[in-house]
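Below: one structure, written as structure tokens.
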Amino acid sequence: MPKKSHISNDLYESIMNGITSGVWAADRNDVIHYANRAMEMIAGVTQQRLIGSGVFSELAENATQYFKLHYLEAKDTLEPVHYVDVPVITPAGRQTFQSGWLIPKVKNGRYDGMICTVEDITNQKQARNALKESEAKYRELVESANSIIMRMDMKGTIIFFNAFARTFFGFSEKEIVGRNVLGTIIPKTVERKRKLMKMLRNIGKNPGQYENIEDENIRQNGEKVWISWTNRSLFRDGITVSEILCIGNDITSQKYHENLLVQCRTDLEDKVRIRTMQLTQANENLQQEIDERKWAEQVLRISEEKYRFVVEHANEGIVVTQDDIFKYANPKAERIFGYSGDVLRSKPFTEYIHPDDRDLMRERHLKRLRGDNLPHFYSCRIIDPEGTMRWVEINSVLITWLGRPATLAFFNNITERKRAEEMLHLLRIAIQQARDSIVITTANPARPAAKIVFVNAAFTNMTGYTSDEVIGKPSLILQGPEPEGMVWTKFEASSAESKAFYLETVAYRKDGTRFDVEWQITPLRDDKRKVSHFVSIQRDITERKRAEEKFMRYQEQLRSLTSELSLAEESERRRIATQIHDHIGQTLAITKIRLGALKDSCDSGHTEPIDEIRSLIEKTIKYTKSLTFELSPPILYELGFEATIEWLSEQMQKQHYILFSCENDEESKPLTREMSILLFQVVRELYMNIVKHAQAHQVITCIRREGAQLLITVEDDGIGFDFLSIDRQLTFGFFSIRERLRYLGGTLEVDSTPGKGTKITVMSPLALSEKGLEGRL
């Protein structure tokens with residue numbers, strides 16, 4: 001037996017000296033009587049110096065206040081205490097951060113010494129700090145860099161665009177991320193597309209060819225800029241290129257400085273390479289820390305089997321309340337409350353409860369301690385250090401803690417759920433009180449019609465149906481009989497995968513009255529992006545429809561009146577022109593002949609006044625003829641529309657020194673009298689607009705036949721205009737022409753660009769039927 005005991009002691013000694021954790025033991029007087037070899041490495045002194053030292057006599061200067069608190073707590077409670085991340089200066093004077101366990105030895109129910117395990121986590125803490133600093137610097141570099149930083153996949157789709165790039169190119173993050181570089185920052189041409197596809201295919205095989213390129217790009221407003229790009233391939237598995245990192249600088253104004261550009265590009269590449277190396281090192285440190293943490297968690301699970309109950313519920317906040325104080329709070333509870341465990345244990349638990357809930361929570365706590373039968377689950381409000389209110393859901397039970405009654409509470413933060421419930425309540429009220437009718441239906445194309453699952457109060461006011469009468473019924477109840485009722489069914493069958501759409505149809509109220517209704521229908525999608533319901537907003541547009549129909553009748557009457565006025569005006573012009581030609585013109589011609597006869601009968605010395613009078617009469621005759629043509633050209637009635645336009649072009653050229661030319665395909669173009677007059681007035685008004693506003697040098701008019709239509713184009717090389725910004729008088733002129741043409745079945749289109757001239761196209765029907773030919777000129 002002694003031999004066996006000796007072997008066991010040697011084995012235990014070898015194990016203690018072989019482990020990497022430091023272990024030391026003190027007697028009931030807190031004098032260290034054992035320390036393993038790992039403790040020598042952690043403390044930096046020999047075992048001989050450690051053994052015999054007092055825990056608080058010699059180590060008081062080196063142990064921090066936190067370590068003392070943990071030590072005294074374990075000594076007073078006779079329960080193991082775990083300390084984490086405690087700063088300690090070793091006897092050798094080295095600043096360390098330590099974690100471990102303080103395990104009191106108990107003999108006959110009294111304190112009989114302390115066993116302490118020590119883990120030096122200084123390197124882990126330094127690695128974490130270095131990683132955080134590296135990540136912060138990298139993030140600051142990318143977001144604050146005055147360079148364009150972009151990542152795109154192997155299809156050219158942009159997956160990252162930094163703030164500088166968005167500002168430079170004029171895109172928001174929503175407008176650019178997810179879109180292809182082609183057509184956004186690269187002009188969408190065949191050549192540019194070919195070059196981009198070639199780079200995406202070959203950059204992994206020959207990265208040097210595309211490492212540094214200069215390219216012409218475009219901003220959102222169309223402005224062209226030159227960018228110097230540095231491209232880096234990012235590999236997914238060390239072989240396959242998954243993304244391309246593109247860093248660019250604007251070199252538009254400095255392109256001629258090629259030497260300076262090369263130096264700038266080199267500096268940028270060095271910075272990217274250094275940052276990449278730093279990030280790689282930080283990732284390696286992070287992986288090492290993760291491995292160390294996994295190992296530490298495994299050791300901790302083995303050593304904490306007696307706390308298995310707490311570990312199994314670690315996903316919730318856990319507190320033990322006794323004597324109105326939180327005796328224990330797990331890390332999740334600290335995060336939910338926003339206070340450290342020391343602070344939580346320093347004040348009555350009601351200090352952390354919302355003032356309106358404190359009395360109720362204290363009353364429930366006391367009743368549970370008395371053993372009263374209370375609900376296990378309830379919710380209350382807490383206050384975090386910033387004074388923000390949070391909702392928690394609590395599951396509380398009665399336990400025994402250190403021999404006395406206490407409450408064990410498991411709780412979760414349900415603040416977001418409460419807010420969602422409040423928002424849902426507000427939305428329910430808003431929907432019920434909305435003035436427009438709201439209907440929610442299912443979306444199941446396999447059935448003849450969707451079913452109604454919700455209607456608001458406005459629906460009842462509009463249709464007379466209560467919610468009980470329509471919920472669960474097919475949506476066809478909202479429609480009238482055939483064929484009107486089929487409109488809704490057709491839309492349901494064809495719009496299950498579409499976006500929101502609008503629909504105007506006829507509906508019938510419960511009492512059978514008919515009314516016009518406007519639908520705004522939005523599909524709702526489930527987690528799988530499949531349409532599950534339709535939300536329909538209905539609005540009674542009966543009065544609006546009546547007003548629109550009345551307006552259309554008035555508009556048609558106005559077009560008819562305008563056309564009749566135009567024809568009446570032309571008829572009156574022709575009558576006046578005929579009167580001038582037949583009466584005034586003939587009278588002037590006879591007067592001229594009589595004066596000629598008078599001149600022949602007078603002496604040669606008295607004929608000069610007669611010649612002056614005849615000259616004045618000759619001018620008057622010319623003015624009369626000119627006025628006759630301006631009022632109503634006889635050529636329009638004698639030779640037809642095409643000849644009249646050719647004559648009008650010649651007259652405009654003589655009067656305004658602008659080159660007017662007229663082209664005619666010589667095809668037959670039968671027109672009614674009304675259409676001939678209207679088209680002549682239209683072309684004459686277009687000519688006058690060109691003279692007044694266009695500042696043109698040449699005007700080309702083409703008249704040709706296209707099937708049963710007459711096509712007239714009037715094109716000038718003037719200054720052009722923006723149709724939306726021209727003066728009101730010119731806008732009204734185009735409107736008047738278009739409305740007169742529309743009444744007789746014609747159309748007018750205006751194509752103009754500032755600085756590039758104007759082209760106006762007039763289309764009118766030809767009089768091809770026998771009935772139409774009766775009105776030809």
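Before moving on, here are some points about what is shown:
- Burial ranking of peptide ranges 649-660, 366-377, 394-405 (average Cβ count within 10 Å, highest at the top): 649-660, 394-405, 366-377
- For residue 639, residues with placed amide H under 5 Å, excluding near neighbours: none
- Fully extended contour minus Cα-Cα distance, from residue 346 to residue 528, at 0.36 nm per residue: 60.5 nm
- Cut-off 16 Å (backbone N to label point 7 Å along Cα→Cβ of residue 281), residues of the stretch 118-133: 126-133
- Karplus-derived HN-Hα couplings along the stretch 181-193 (A = 6.51, B = -1.76, C = 1.60, θ = phi - 60°), whole Hz, x at Gly and Pro: 5, 6, x, 10, 10, 10, x, 8, 10, 4, 5, 5, 5
- Those residues of the stretch 150-172 whose amide nitrogen sits under 14 Å from the label point placed on residue 220, 7 Å along Cα→Cβ: 161-172
- Label separation (residue 48 vs residue 692): 11.7 nm, computed from points 7 Å beyond Cα along the C-beta direction.
- Here the spin labels are modelled as points 7 Å beyond Cα on the Cα-Cβ line, and at residue 193 and residue 753 they lie 2.2 nm apart.
- The modelled label-to-label distance for the pair residue 66/residue 155, using points 7 Å beyond Cα in the direction of Cβ, is 5.1 nm.
- Spherically averaged projected area of the convex hull of Cα atoms, the stretch 88-213: 15.9 nm².
- Surface accessible to a 1.4 Å probe, residue 133 within the full protein complex, Å²: 100 Å²
- Given 224/255; 155/195; 75/125; 75/107; 155/198; 75/327, the pairs whose alpha carbons are separated by over 21 Å: 75/125
The values are calculated or read from the model by the stated rules, or taken from the named source; none is laboratory data. Since the structure is predicted, the reported quantities are computational estimates derived from the model, not experimental observations. A quick note on method: Cβ atoms are made from the backbone with ideal geometry, for glycine too, and the neighbour counts reach across all protein chains shown. To get the accessible areas, we keep the full protein, side chains included, count just its heavy atoms, and leave off ligands, DNA and RNA. Shrake-Rupley method; radii C 1.70, N 1.55, O 1.52, S 1.80 Å.
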